[in-house]
Amino acid sequence: MKRLKAWLPALAWMGVIFLMSAMPGETSGEQSGRILRLVTGLVAFLFGEQAAAGIDLDMLHLLIRKAAHMAEYAVLFMLYRRALRLEDAGRPGLWALMLCACYAATDEFHQSFTEGRGPSAMDVGIDTLGAAAAWVLTKLISQIKKER
């Protein structure tokens, strides 16, 4: 039971990622389009309509989508690392990073069966980069805590 409690959050998040990858391309694009409209609306509110009109929407949309990939896998890294630490695994950060890279690869393979989507080696790299960024962040936070 202890092992299940350790891994349940990571498994649940893997399920969330799986469900997002199962969305057809059009649906996925609509979701990130909502964020795009929110960001451009915020820019217009803060800096004016002219500033918002100057935004390259295609580039912003791409950045939003890739940032979402990184964030998904940063969270997954943290959950894997937590589970591995609860099990007293050696080198939990390294193992968590490798698990994230493996799951990212299987997730991209899964997308090859989803309408309007396809696998991308670049996305595997971006996902893994998000996990690596979370690892660096945990290392920095740990170092800061030690120095206090």
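What is the distance, in nm, between label points placed 7 Å from the Cα along the Cα-to-Cβ direction at Leu86 and at Leu38?
Using points 7 Å along Cα→Cβ, the separation is 2.8 nm.
Report ³J(HN,Hα) in whole Hz for each residue of region 132-142, in order, from the Karplus equation J = 6.51 cos²θ - 1.76 cosθ + 1.60 where θ = phi - 60°; Gly and Pro get x.
5, 4, 5, 5, 4, 4, 5, 5, 5, 4, 4
Compute the FRET efficiency between Leu60 and Leu8 as 1/(1 + (r/R0)^6), taking r as their Cβ-Cβ distance and R0 = 25 Å, and round to the nearest 0.05.
Efficiency, rounded to the nearest 0.05: 0.10.
Pairs of Cα atoms under 8 Å, at least six residues apart: use those to get the relative contact order of region 5-148, whole percent.
31
Accessible area per residue of region 34-148 at 1.4 Å probe, in Å²?
Accessible area per residue: 65 Å².
Toward the positive end of the charge dipole of region 1-141, about the Cα centre and with charges on Cβ (Lys, Arg +1; Asp, Glu -1), which of Ala89, Cys100, Leu57 goes farthest?
Ala89
Give the carbon-plus-sulfur fraction of the accessible surface of the chain in %, rounded to a whole number; probe 1.4 Å, heavy atoms of protein chains only.
Numbers: 6470 of 9510 Å².
Here carbon and sulfur together make up 68 percent of the probe-accessible area.
Which of these values of Kirkwood radius over Cα pairs in Å was calculated from the structure shown: (1) 17.9; (2) 16.1; (3) 17.0?
(3)
At 25 °C and 0.890 mPa s, what whole-number value in µm²/s does Stokes-Einstein give for the translational diffusion of region 35-116, with Rh from the Kirkwood sum over Cα pairs?
Result for D is 159 µm²/s.
Roughly how big is the chain's charge dipole about its Cα centre, with Cβ charges of +1 (Lys, Arg) and -1 (Asp, Glu), in debye to the nearest 20?
For this selection, approximately 1040 debye.
Any chance you could list P(r) for region 21-78, counting all Cα-Cα pairs in 5 angstrom bins from zero, rounded to whole %?
Here the calculated profile for region 21-78 is 4, 17, 22, 22, 16, 11, 6, 2.
Taking a cut-off of 20 Å, what percent of all Cα-Cα pairs in region 74-148 are separated by more than that?
That tail contains 38 percent of the Cα-Cα pairs.
The values are calculated or read from the model by the stated rules, or taken from the named source; none is laboratory data. Small disclaimer: the values here were computed from a predicted structure and weren't measured. In this analysis, Cβ positions are derived from the backbone assuming ideal geometry, glycine residues included, and neighbour counts consider all displayed protein chains. The accessibility values were calculated without ligands, DNA or RNA, using every heavy atom of the protein model including side chains. Shrake-Rupley method; radii C 1.70, N 1.55, O 1.52, S 1.80 Å.
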